[in-house]
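To keep things clear, I will list the structure first and then write my remarks on it.
Please treat every number below as a calculation from the coordinates, not as lab data. Predicted, not measured: the structure shown is a model, and the values here were computed from it. A quick note on method: Cβ atoms are made from the backbone with ideal geometry, for glycine too, and the neighbour counts reach across all protein chains shown.
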Amino acid sequence: MTKTTDPQLDDFEAVRTVVSALEKFPRDDQHRILRWAQEKLGISPQAPAAPAHVPFTPTPPGTPPTLPAAGGATDIRSFIARKKPASDNQLTAAIAYYYRFECPQGSRKNVIKSEDLKEAARAIGQGGRFAKPAQTLVNAHQQGLLDRVPEGGYTISNVGENLVAVTLGADGSDGAAISPRKRAKTRRGAATKKAGKKSRR
């Protein structure tokens, strides 16, 4: 057991604290919070240990093949269906997020380009979704969901990451988030209507 500089703390107490804080969150949020904590502490993810040798067991004839999902990753069609993006910009952010954080380790990419957007659209059964993928990337960038990288292409921004990880698909809605400006306008309208009713009394 490793001791810290604080004699009142030990490894197991730290684990209990982290587990207690995270167990209230959904699994996707737990992964995101742990990743942010690693980045905050400057910790690089460790490579997984080599798996122990498992004797080969032949698959019975007629059994459909299964594709392993590295690191708990899902296929892109399932991921997009779960997030339910409501616009091309939200879908573009979800695709960038998937490629960076959710797809199998060997296929992950930090930067996406037009070809990646078209490939993702075909994979989710919407091959004709992006008539002008380059312009779609520009639009998502202008909305703050993507960051442009110097070598060309785009990467998911902090705003886009929060949208995909926290907002999309969180409440079973279509994923259309209400902006703070719209919420403020709605509150002002409700207050004006309420004041009008009082004046008529």
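Percent of Cα-Cα pairs more than 24 Å apart in the range 75-177, please. Tail fraction, whole percent: 11. With K and R counted +1 and D and E -1, the other residues having a Cβ less than 13 Å from that of N139 yield a net charge of +1. Remark: spin-label model distance K24-S87 equals 3.2 nm, labels positioned 7 Å along the Cα→Cβ axis.
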